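The values are calculated or read from the model by the stated rules, or taken from the named source; none is laboratory data. Just so we're clear, the structure is a prediction, and the values are computed from it rather than from any experiment. Positions of Cβ are generated from backbone atoms using ideal geometry, with glycine treated the same way; all protein chains shown enter the neighbour counts.
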Amino acid sequence: MPINLENKEGFENSQKLLQEFSNMNPQATDEEVKAKYTEYMNAYSEELANAIRKDIKNETGDTAVLNSRNVNRLTNEEKKFYNALVSEDHVNTDTNWKDGGIIT
């Protein structure tokens, strides 16, 4: 189950705190910098944990619906196998066609 960390939805508070941290006065004391960074990291960690919980809840709900419909689900090993099978890294597109001429 991939988690999209590029999506900034739900991370507004930590983004605001990060902006405040990056705009701090250069003459700020070490304690002030440490406090602002700690505040940002706590907010980010909480928002990240909430995003992960939300994704897990959605995945669990989807699984429950499919199980109630008697739909067979792939195991993690099967998913890994099929994803590797179709990924660009594992697809051999070489057709071994050696003739450089065009058939007309």
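At a glance:
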item	result
Some residue of segment 87-97 being in a helix (DSSP H, G or I) and either at pLDDT 80 or above or of a type outside the set (S, T, N, Q) (or both)	no
Flag for Asn67 being part of a helix (DSSP H, G or I) and either surrounded by 10 or more Cβ atoms within 10 Å (Cβ to Cβ) or out of contact with any helix residue (DSSP H, G or I) (no Cβ under 8 Å at 6 or more places or on another chain) (or both)	yes
Out of Lys34, Lys80, Lys57, sole residue that is modelled with pLDDT of 90 or more and exposed (fewer than 12 other Cβ atoms within 10 Å of the Cβ)	Lys34
Meets criteria (at pLDDT 85 or above and hydrophobic (A, V, I, L, M, F, W, C)) for Ala64	no
